[in-house]
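Please treat every number below as a calculation from the coordinates, not as lab data. In this text the structure is predicted, and so the values were computed from the model without any measurement. Heads up, the Cβs are rebuilt from the backbone with ideal geometry, glycines too, and the neighbour counts pull from every protein chain shown.
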Amino acid sequence: MESQWQALVNTQRELNQQLGALLKTVEINLFDEELVRQCKEEITEILIQTQREINRLCRQYLESMDH
């Protein structure tokens, strides 16, 4: 059970690191034109929602392992 828990935690950590890298890729800067900025904002929101959902799902599985 401990190895499954650790594997899940490692997976969550790796996914969060990868999503963090993607967020840096779409970072908005002052020179972005309106259309590019809007696109980056939408992508950023999707990435943040994805990260939240992954964390929620992993937390749910980790809690189920405690029972």
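Return one number: the angle in degrees, 0 to 90 and rounded to the nearest 10, between the long axis of the Cα atoms of helix 2-25 and the longest principal axis of the Cα atoms of the chain.
Approximately 0 degrees, to the nearest ten.
Top mean-square fluctuation among ASN55, ASN29, ASN16, Gaussian network model of the chain, C-alpha springs under 10 Å?
The residue that fluctuates most here is ASN29.
Kindly express, to the nearest 10 degrees and within the range 0 to 90, the angle between helix 34-66's C-alpha long axis and the longest C-alpha principal axis of the chain.
For 34-66 against the chain, the angle is about 10 degrees.
Can you figure out the FRET efficiency of GLN60 with ASP32, using R₀ = 25 Å and their beta-carbon distance, to the nearest 0.05? Each step should come with its number before you reach the end.
Numbers: r = 37 Å, r/R0 = 1.46.
That gives a FRET efficiency of 0.10.
So, R0 is 25 Å and r is the distance between the beta-carbons of GLN4 and THR25; what FRET efficiency does that work out to, to 0.05?
Values: r = 32 Å, r/R0 = 1.27.
The calculated FRET efficiency here is 0.20.
The chain: D in µm²/s via Stokes-Einstein (Kirkwood Rh, Cα pairs, 10 °C, 1.306 mPa s)?
Values: Rh = 13.5 Å.
Translational diffusion coefficient: 118 µm²/s.
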